[in-house]
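A short write-up of the structure that comes next.
The values are calculated or read from the model by the stated rules, or taken from the named source; none is laboratory data. Everything numeric here is computed off the predicted structure, so don't read it as measured data. Don't worry about glycine lacking a Cβ; one is built from the backbone with ideal geometry, like all the others, and counts go over all protein chains shown. Ligands, DNA and RNA are stripped out before the accessible areas are found, and what is left, the full protein with its side chains, is counted by its heavy atoms. Shrake-Rupley method; radii C 1.70, N 1.55, O 1.52, S 1.80 Å.
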Amino acid sequence: MTDLARFQKIIENSKKIVFFGGAGVSTESGIPDFRSVDGLYHMKYRYPPETILSHTFFLNHTEEFFAFYREKMLFPNAQPNVCHRALAKLEREGKLLAIVTQNIDGLHQKAGSKRVFELHGTVHKNTCMKCGKRYGLDFMLGGTGVPTCSCGGVVKPDVVLYEEGLDEDTLEGAVRAISSADTLIIGGTSLAVYPAAGLVDYFRGERLVVINLSPTARDKYADLVLQEKIGEVFSLV
Ligand code: CNA
């Protein structure tokens, strides 16, 4: 049996799938992951993305943070790809419990998925740091410079920056989903960012699948490792 046939068999035999994903899920929608980002961005920005997207940098270089954020993190025209759509379909069929994602692009919801735990928040919500007023993505896209609320406060994206903690409820929901899954599919993530990557340790189910173009630290524990484009794998679902 080929690995792709084994993947299909696993999906067929699973009743409680959880998908744990990262930036590689959205590269086929035209959103670059950090690996490609790094080389590219070094040319224009003085710091790597992990530095610019940190809480300290946000506080100390707010204008530069927003220049980078608007140019490199917002992809309002990106559309869900085969992987996003297949996961939404599995949820509708009652086979998928939840998606736990490190992505902030909202493409799973755009594809129709309902139960999505966004560990690192979302670009679709923004909040005034002073009065708490909420703003959508359009507000961020519309302006330049530091986005400012009608009250004068800085409007910060609801995105978890490096050095910031993860939302408790989101974490709890993600842990509960992963620990009750019969199959965990890890896809499109380098599993290099903690604490998010550590959540896969809560998996107690029967089948672990890793789908990633490059090797990950979990490959050796997996029942099936597919080093292929995730969209191509999910086109079989
Ligand atoms: P990462 O560290 O950039 O790793 C992505 C992984 O995906 C790499 O190992 C690639 O080999 C793999 N990959 C890329 N394309 C494909 C593909 N088509 N099929 C299969 N595998 C592929 O990204 P992580 O998510 O692991 O890192 C965590 C950071 C990146 C999170 O905090 C994210 O918020 C952040 N990020 C998010 C987005 C987004 O929301 N779309 C984009 C860029 C970065």
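A few remarks follow.
- Of everything listed in (1) touching a strand residue (DSSP E or B) at 6+ places or on another chain (Cβ under 8 Å); (2) farther than 27 Å from Y194 by Cβ; (3) not basic (K, R), the single unmet condition for G143 is (1).
- G30 being modelled with pLDDT under 95 and either within 15 Å of the chain's Cα centre (by Cα) or buried (at least 17 other Cβ atoms within 10 Å of the Cβ) (or both): yes
- Each residue in the stretch 160-181 was checked for being out of contact with any helix residue (DSSP H, G or I) (no Cβ under 6 Å at 6 or more places or on another chain) and open to solvent by less than 20 Å² (accessible area, probe 1.4 Å), and 3 pass.
- Residues of the stretch 106-134 classified as over 30 Å from V175 (Cα atoms) and under 19 Å from the mean Cα position of the chain (by Cα), total: 0
- Per the listing L137, L213, the residue uniquely over 15 Å from the mean Cα position of the chain (by Cα) and within 11 Å of the ligand (Cβ to nearest atom) is L213.
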